[in-house]
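The values are calculated or read from the model by the stated rules, or taken from the named source; none is laboratory data. Quick caveat: nothing in here was measured; it's all calculated off a predicted structure. We place every Cβ from the backbone using ideal geometry, glycine too, and count neighbours over all the protein chains shown.
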Amino acid sequence: MKPVLIPHSSYQSFLLEQLRFHYGPGIVIVNKDWPLVLKLWNTDLSYLTTLLQPVYSNQGPESRDPASMFRSFLLFLMTNPEKGLTEWVNEMKRTPIYALLSGFPLDNIPGVGTFYDFFSRLWPAVDPHLKSKKQQRRKRKTKKGKKKGEKAPTTTTGRVHRLVQWMMRHSDIKSALPSDRLFDFFQSQIVAVSAKLGLLGDLSALSAAGDGTPITTAAYPRSKPICDCRARGIAHCNHPRVYSQPDCDSGWDSAREKYFNGYHMYMISAADSEHDLPLYPRLQPASRHDAVSLVMSAVEFKQRFTLGTVDKMLLDAAHDAESIYLLLEHQGMEPFIDLNIRSKKNIQSKGSSDIKISPEGIPICPNGNWMRPNGTDRKLHRRKWRCSPHCGCSSAKYGRTFYTKTSDDPRLFPKTPRDSDKWKLIYKRRTSIERSNKREKIDYKLESGRHRSTMMWYMRIYAIMICQHMDAWYVSQKEEWDSLKRTICPSAA
Ligand SMILES: [Zn+2]
Ligand SMILES: [Zn+2]
């Protein structure tokens with residue numbers, strides 16, 4: 001049966017009534033549980049019922065309230081993220097307040113199968129994986145980073161370049177992703193609240209930061225042959241095999257300095273948010289490089305994000321490829337990317353035959369001296385450089401001058417110069433994405449999910465992102481929310 005819309009206020013009344021009934025007139029809620037109670041009390045998930053209406057059938061048994069199912073999953077991640085869902089169902093039986101907070105009467109707690117059935121409704125694809133399980137044997141192994149802590153080397157810049165060209169030609173075509181239903185809910189019901197509370201920054205000029213992080217899902221990739229070559233005595237054949245996790249492969253984890261199996265999660269977050277709030281997650285195979293992931297994520301995010309204008313994108317040096325600057329400009333975002341100085345050679349400047357440019361983007365005069373910045377000509381979008389008259393490279397009274405333009409080389413001459421205070425102020429917020437990714441992995445134990453399907457990994461990621469937003473709502477309105485304790489429990493301090 002199709003679920004009946006249960007307004008959030010009905011959940012609140014249910015909770016009050018149940019807590020009072022089961023705990024007597026003075027409810028006992030231990031201090032540690034109050035933040036959970038307040039977060040769930042204030043988070044309206046009822047839109048899920050409307051969103052999922054079309055995917056339930058008219059017949060059959062009465063369905064569970066979608067909001068309560070999802071609320072329970074959030075509570076699970078807030079309290080027992082290192083356990084499995086089967087254990088969570090047991091936990092709700094042992095700890096009645098968890099069942100009540102979810103919205104379940106104590107004599108009617110759903111089983112684990114009901115949870116999986118519910119999740120599959122949030123995933124508008126038949127296959128819980130993105131790729132087919134039947135695949136050609138994978139051979140290439142990703143390269144290691146050379147130095148300690150260094151990320152894997154950029155897949156040929158040519159690959160990023162070709163992908164960018166393709167994406168720019170096709171950026172107006174939005175192709176549907178199975179994770180879109182989750183994003184729709186997340187954006188309209190969760191991020192929108194954070195936006196209203198002013199937690200994302202200035203909505204008309206948002207800064208976003210992007211970065212990838214490894215997610216280990218299994219110790220080894222599992223695959224089975226579908227041919228009978230082995231039985232016929234052929235040890236190594238190139239026939240397709242069946243992979244249990246077709247969207248995962250092996251990649252290099254630069255922080256842990258080892259190979260891992262799983263996903264490369266690429267996240268875009270609101271960089272000006274002091275709560276490091278996540279906005280758009282994307283799972284890629286572990287071998288995928290940051291620069292390639294960013295290209296796909298930037299286009300998908302731009303097509304989907306409707307709550308404000310993102311005009312700045314903050315990325316680390318692993319993204320320092322010329323075509324990424326072009327792509328971001330094309331998307332209306334100003335790139336703020338650290339230089340990844342690969343070569344020590346000076347290059348020929350475009351403006352003048354006797355001026356060279358250092359790998360850091362500084363003009364070098366014919367005598368081999370670094371020129372100094374001498375102001376910006378905003379009208380002509382160019383930066384002025386000057387050499388000291390003492391250098392002798394020019395007979396001009398104030399020394400030789402030279403101009404650099406962003407359009408000549410957006411990488412070496414960004415619109416906002418890298419040595420300016422403005423750059424430093426904006427770019428220092430980039431680490432927000434690292435804190436956000438850490439929070440998901442360390443506080444919410446992202447990698448403890450023992451899931452086999454990409455569908456379940458997306459459920460876990462989105463739920464954790466929702467928890468991060470709820471945490472920020474609580475912190476930013478603590479006084480107001482804490483005063484609700486009296487409404488819920490009159491005897492509370
Ligand atoms: Zn074979
Ligand atoms: Zn000079």
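Miscellaneous remarks
- Residues in region 213-233 that are within 16 Å of ligand 1 (Cβ to nearest atom) and either outside any strand (DSSP E or B) or touching a Gly at 6+ places or on another chain (Cβ under 6 Å) (or both): I226, C227, D228, C229, R230, A231, R232, G233.
- Condition met for G361 (at pLDDT 90 or above, away from ligand 2 (no atom under 16 Å from the Cβ) and over 30 Å from F305 (Cα atoms)): yes
- Search result, residues across region 437-493 that are closer than 17 Å to T216 by Cβ and either in contact with a Lys or Arg (Cβ under 7 Å, 6 or more places away or on another chain) or among the aromatic types (F, W, Y) (or both): Y444, L446, E447, G449, H451, W457, Y458
- Some residue of region 179-191 being of a type in the set (V, I, T), away from ligand 1 (no atom under 16 Å from the Cβ) and under 17 Å from the mean Cα position of the chain (by Cα): yes
For every residue, the table says whether it meets (1) under 30 Å from S132 (Cβ atoms); (2) modelled with pLDDT of 95 or more; (3) surrounded by 16 or more Cβ atoms within 10 Å (Cβ to Cβ).
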| position | (1), (2), (3) |
| --- | --- |
| E447 | yes, no, yes |
| R450 | yes, no, no |
| S453 | yes, no, yes |
| M465 | yes, yes, yes |
| D482 | no, no, no |
| K485 | no, no, yes |
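- Condition broken by L380, with the remaining ones in (1) away from ligand 2 (no atom under 16 Å from the Cβ); (2) of a type in the set (A, V, I, L, M, F, W, C); (3) over 16 Å from K312 (Cα atoms); (4) surrounded by 13 or more Cβ atoms within 10 Å (Cβ to Cβ) satisfied: (4)
- Filter result (out of contact with any helix residue (DSSP H, G or I) (no Cβ under 6 Å at 6 or more places or on another chain) and in a helix (DSSP H, G or I)) within region 186-198: Q187, S188, V191, A192, V193, A195, K196
- Region 206-229 residues that are assigned by TED's automatic domain parsing to the domain that holds N261, paired with ones that are within 16 Å of ligand 1 (Cβ to nearest atom) and not β-branched (V, I, T) (beta carbon under 6 Å, 6 or more apart): S223/R241; S223/Y243; P225/R241; C227/H239; C229/C237
- Those residues of region 467-480 which are surrounded by fewer than 20 Cβ atoms within 10 Å (Cβ to Cβ) and in a helix (DSSP H, G or I), in sequence order: D471, Y474, V475, S476, K478, E479, E480
Yes or no, residue by residue, for (1) within 28 Å of the chain's Cα centre (by Cα); (2) at pLDDT 95 or above; (3) part of a helix (DSSP H, G or I):
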site: K39; (1), (2), (3): yes, yes, yes
site: D44; (1), (2), (3): yes, yes, no
site: T49; (1), (2), (3): yes, yes, yes
site: L52; (1), (2), (3): yes, yes, yes
site: N58; (1), (2), (3): no, no, no
site: E62; (1), (2), (3): no, no, no
site: F70; (1), (2), (3): yes, yes, yes
site: F73; (1), (2), (3): yes, yes, yes
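- Unique residue being within 28 Å of Q135 (Cα to Cα) and either buried (at least 20 other Cβ atoms within 10 Å of the Cβ) or at pLDDT 85 or above (or both) when the list is P240, P278: P240
- Region 395-412, subset surrounded by fewer than 19 Cβ atoms within 10 Å (Cβ to Cβ) and free of Cβ contacts under 8 Å to residues at least 24 places away in the same chain, residue farthest from ligand 2 (Cβ to nearest atom): K397
- Checked against (1) in contact (Cβ under 8 Å) with a residue 40 or more places away in the chain; (2) surrounded by fewer than 17 Cβ atoms within 10 Å (Cβ to Cβ), N367 passes all but a single condition, namely (1).
- For region 234-268, the set of residues classified as within 16 Å of ligand 1 (Cβ to nearest atom) and not in a strand (DSSP E or B) consists of I234, A235, H236, C237, N238, H239, P240, listed by residue number.
- Pairs with Cβ under 8 Å, 6+ apart, first in region 156-179 and assigned by TED's automatic domain parsing to the domain that holds G332 and closer than 17 Å to D290 by Cα, second surrounded by 13 or more Cβ atoms within 10 Å (Cβ to Cβ) and modelled with pLDDT under 85: V160/T154
- Conditions (1) assigned to a helix (DSSP H, G or I); (2) more than 29 Å from M313 (Cβ to Cβ); (3) of a type in the set (S, T, N, Q); number of the one not met by N437: (2)
- Number of residues in region 37-53 that are more than 18 Å from F76 (Cα to Cα) and among the polar types (S, T, N, Q): the value is 4.
- None of R411, R372, R378, R383 is away from ligand 1 (no atom under 16 Å from the Cβ), over 20 Å from E329 (Cα atoms) and either out of contact with any strand residue (DSSP E or B) (no Cβ under 9 Å at 6 or more places or on another chain) or outside the structural domain of L328 (by TED's automatic domain parsing) (or both) except R372.
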